[in-house]
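For reference, the structure discussed in these notes is given below.
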Amino acid sequence: MVDPRLSVIKKRLKDINNIIAVASGKGGVGKSMVSSLLALHLASQDKKVGLLDLDVYGPSTHIILGIPFQKFPEEDRGIIPPVFHGIKFMSIVFYSEDKPGAFRGIDVSNIIRELLAITQWGSLDYLIIDLPPGIGDETLDVINLIQPTEFLIVSTPSKVAMGAVEKLIDLLLELHLPIIGVVENMKIGDSNYVKQIVTSKDVRYLGSIQFVPALEEAIGDSSKLLKTPFIKDLERIIKKSL
Amino acid sequence: MHEWALAESIITTAVEVAEREKLKKIEEIDISLGELQQIEEDIFRFALDEILKSMNLRNIKIVIETENAVFECNKCKHTWNFEKDKLDEAEAEAIHFLPEMAFVHMRCPSCGSPDFTVIKGRGVSITSIKGEK
Ligand SMILES: Nc1ncnc2c1ncn2[C@@H]1O[C@H](COP(=O)(O)OP(=O)(O)OP(=O)(O)O)[C@@H](O)[C@H]1O
Ligand SMILES: [Mg+2]
Ligand SMILES: [Zn+2]
C-alpha cells in the first residue's frame, strides 16, 4: 500500500516563497495570535498570504480573525482556500462545524496529509502555519512533509514556558532546521531570562510583544486588531526578521 | 471536484514509483477506494483519464476496487459498517472532503463513544503498480 498523498504535497506548495510555522513547546503562549496577526499584517502590506490552521483539536485562528466557517470552500481540481481580509485561509473548521473530534495520532496525521494534498494555494509570498503546542504529530508532520519550513518560536517570559520551549528549540537545532528566532510574548517586567537562554543557543531573540490587556476586545475584528499595540510590536519584529 | 486532486496524487505517485523501480512503462495501476471517503468512481475515473492524457501516458490499465468501511469502538470494541443515511447531507460531505470528520459526526452505535478506529476503508490508496522492467 502506498499513500499517494505524499507525492503531491510538494507540488501543492511549489509556488510558495516562504513557509513559516509558528510553534512553541508550550501551550497558551500566543502562537495563534502571532500567526493570525502576522498573516493579517503581511496581507495589509499587499503580500500574497495564506494561513493554515493545523491545530485540529482547538483551531483558533478563525475566531481571532472573525472568519465565518459555515460554507464549504469551493472545489476546483482540489479545494480553493477562501479569502478573508486578503488571506487565503484553510482550517479543519470548515468541515468540523467547530465541533470536537476524538482524533488519535494517526487521524491527526491523516487530516494534515489530506489537507496538504487537496488544498490549492496557488502562488504565495508567505504561508503561515499555526501549530498546536509541543512536538506531537502536527509538528513532526510539518517537519517531514513541508520542506523547507522556517520556524518562528513563541514563548512567554515564564521559566515554565521556557522549560518546554527549550526542548523544541533543541530538537529543531538537532535536526538542523531553520529557526527564524524566538518571540517573547505577553511581556511584563524586564527580565532578561528568555533572551539569555535563546542567545546562549545561538538562536535569534527577535524581541518582545507587550501584554495587551484590551486585546480580548479586538478579537474577531480585523480592523481593531490592526490597531492594537500587539501589531506595533509584531511589526518591529517582522521588520528585522522576515 | 476535489477528486481531481486525489487522482493527480495517484498518477504522480505511480510515475515516481515507476522511476524508482526503473520501470520502462507503467502497465497497470490498482487503486483501492475506501467507502468512507465516498469518491464518485465515474468522476474519479474521468479525472484519472484526463490527467493521464495530459501527461501523454497511454495504455495504462486502471483497476479500481471499493473497500467497505469498518469501524471499531476503542471503548466497547463493537464493530460496525458505514451507514451514510444516518448522516445529514453536510456531514456526509464533510467526511467526503476529510474522512476524519467521521470522528466529529459519528459515534459508536453501541455505547455512544466518540473514540473509535477506522479499521478499513478510509480513503484512496494504491495497492499495486505493474509495469515492464
Ligand atoms: N500579547 C498579549 N497580550 C494579551 N493577551 C494575549 C497576548 N497574546 C495572546 N494573548 C491571549 O492569550 C490567550 C492565548 O493566546 P493564543 O490562543 O494565541 O495562544 P496559543 O499559544 O495559540 O495557545 P494554544 O497552545 O492553545 O494553541 C488568548 O486569549 C489571547 O488572546
Ligand atoms: Mg493556538
Ligand atoms: Zn462503543
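The values are calculated or read from the model by the stated rules, or taken from the named source; none is laboratory data. Treat the numbers as computed from the prediction; the structure is a model and nothing was measured. Cβ coordinates were reconstructed from backbone atoms using ideal geometry, including for glycine residues, and neighbour counts include every protein chain displayed. The protein model used for the area step is the full one, side chains on, heavy atoms only, and it has no ligands, DNA or RNA in it. Shrake-Rupley method; radii C 1.70, N 1.55, O 1.52, S 1.80 Å.
Working note: Debye formula, equal point scatterers on the alpha-carbon atoms of the range A:5-241, no solvent; log10 I(q)/I(0) at q = 0.12, 0.13 Å⁻¹ is -0.63, -0.75.
Taking the range A:29-127, which trypsin sites (Lys or Arg not before Pro) meet the DSSP loop condition and have no more than 13 other C-beta atoms within 10 Å?
Details: sites: A:K31, A:K47, A:K48, A:K71, A:R77, A:K88, A:R104, A:R113; in loops: A:K47, A:K48, A:K71, A:R77, A:R104.
Of the trypsin sites (Lys or Arg not before Pro), the ones in loops of the range A:29-127 whose Cβ has at most 13 other Cβ atoms within 10 Å are A:K71.
Residues of chain A were split at every exposed loop site, defined as GluC sites (Glu not before Pro) in a DSSP loop with at most 15 other C-beta atoms within 10 angstrom, and the longest piece left, sites excluded, is A:98-242.
In Å, what Kirkwood hydrodynamic radius results for the range B:70-120 from the alpha-carbon pair distances? Write out the running numbers ahead of the final one.
Numbers: mean 1/r = 0.0913 Å⁻¹.
Value: 11.0 Å, from the Cα pair sum.
The trypsin sites (Lys or Arg not before Pro) of the range B:40-75 meeting both criteria, a DSSP state outside H, G, I, E and B (loop) and at most 15 other C-beta atoms within 10 angstrom of the site's C-beta, are B:R58, B:K75. The listed residues A:L6, A:L171 rank as A:L6, A:L171 when sorted by accessible area, largest first, using a 1.4 Å probe. Legend: residues A:S123, B:S125, sorted from most to least accessible area (1.4 Å probe; ligands, DNA and RNA excluded), read A:S123, B:S125. The value given for the range B:46-133 is a Kirkwood hydrodynamic radius of 15.5 Å, derived from the mean inverse Cα-Cα separation. Computed from point charges on the beta carbon alone (+1 for Lys and Arg, -1 for Asp and Glu), the dipole magnitude for the range A:5-241 about its Cα centre is near 460 Debye. Based on C-alpha pairs under 8 angstrom that are at least 6 apart in sequence, chain B has a relative contact order of 40 percent. Annotation: B:V63 carries an accessible surface of approximately 40 Å², with a 1.4 Å probe and no ligand, DNA or RNA atoms counted. For the range A:68-177, the Kirkwood hydrodynamic radius from C-alpha pairs, put into Stokes-Einstein at 10 °C and a viscosity of 1.306 mPa s, yields a diffusion coefficient of 99 µm² per second. Note that the range A:161-172 has calculated 3J(HN,Hα) couplings of 5, 4, x, 7, 5, 4, 5, 5, 4, 4, 5, 5 Hz, one per residue in order, obtained from phi through the Karplus relation 6.51 cos²θ - 1.76 cosθ + 1.60 (θ = phi - 60°); glycine and proline are x. Here the Karplus curve 6.51 cos²θ - 1.76 cosθ + 1.60, taken at θ = phi - 60°, turns the phi angles of the range A:75-92 into couplings of 10, 7, 6, x, 10, 9, x, x, 9, 10, 6, x, 10, 6, 10, 9, 7, 4 Hz, with x standing for Gly and Pro. Accessible area per residue was computed with a 1.4 Å probe on protein heavy atoms; A:S158 scores about 50 Å². Residues within the reach of a label modelled at B:M55 (point 7 angstrom out along Cα to beta-carbon, backbone nitrogen below 18 Å), restricted to the range B:93-133, are B:124-133. When A:H176, A:H62 are compared by accessible area of protein heavy atoms, the largest-first order is A:H176, A:H62, using a 1.4 Å probe. Restriction of the GluC sites (Glu not before Pro) in the range B:1-62 to DSSP coil positions whose beta-carbon has at most 12 other beta-carbons within 10 angstrom yields B:E21.
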